[in-house]
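So the structure is just underneath, and the comments pick up after that.
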Amino acid sequence: MKKRLAVAFTGPSNSGKTTLILKVARKLIHEHALEVAIIKNDPKDKAQFDVPGKDSYKFSDTGAEVVVTSPTRTTFFSKRHKELDEIIDLFGEFDVLLVEGLKNLPLPRISIFRGSIDTDYFPYMNALAIDESIDMAQYSLPEGIDLLDLNDPDQVIGWILTNAKVLE
């Protein structure tokens, strides 16, 4: 069994979460030869995944749990909320799990900000990833929170490999 690591990313809309996760995932896969799984939270339930009129949409529209499989991928459509453990089980084997959102999960968390920092996030973060648009002299960073460069995915990867939660 592989040592599976998990870390979460949080921050306001348009802070750069998705961009950073993409950079980190690509480097973990292509430079570190690791298998990566990603969970994205959709708190406003606005993401669209299927096209009306297609068979997969028709199947999913019945309310059934649907798996669409092809020679190159498997897609799971669910009409039910899944707990984190259930979602992780769907992935099978992986080395690193990157979670976007879900700030109440018990995972080490990197909070991402540009322009200004919302200090309400402090209790939920283990690391803070920012760029040059933030003047840290304006903030009192709580003890134990690591400061990361939002534009340095290698630094972020180093933090993840050292601080991520090991999943059973």
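A few comments on the model shown:
- The test for being at pLDDT 95 or above and either among the acidic types (Asp, Glu) or outside any helix (DSSP H, G or I) (or both) does not hold for LEU161.
- Residue in the stretch 142-149 that is acidic (Asp, Glu) and under 23 Å from the mean Cα position of the chain (by Cα) present: yes
- Which numbered condition VAL156 misses (of (1) of a type in the set (A, V, I, L, M); (2) more than 14 Å from the chain's Cα centre (by Cα); (3) surrounded by 16 or more Cβ atoms within 10 Å (Cβ to Cβ)): (2)
- Residue selected from the stretch 75-123 under the condition more than 25 Å from GLU168 (Cα to Cα) and among the charged types (D, E, K, R), by the criterion modelled with the lowest pLDDT: LYS79
- Qualifying residue in the stretch 19-35 (condition: modelled with pLDDT of 90 or more, hydroxyl-bearing (Ser, Thr, Tyr) and either surrounded by 12 or more Cβ atoms within 10 Å (Cβ to Cβ) or part of a loop (DSSP other than H, G, I, E, B) (or both)): yes
The values are calculated or read from the model by the stated rules, or taken from the named source; none is laboratory data. Keep in mind that this is a model prediction, so the values were computed, not measured. Neighbour counts run over all protein chains shown; Cβ positions are idealised from the backbone, glycine included.
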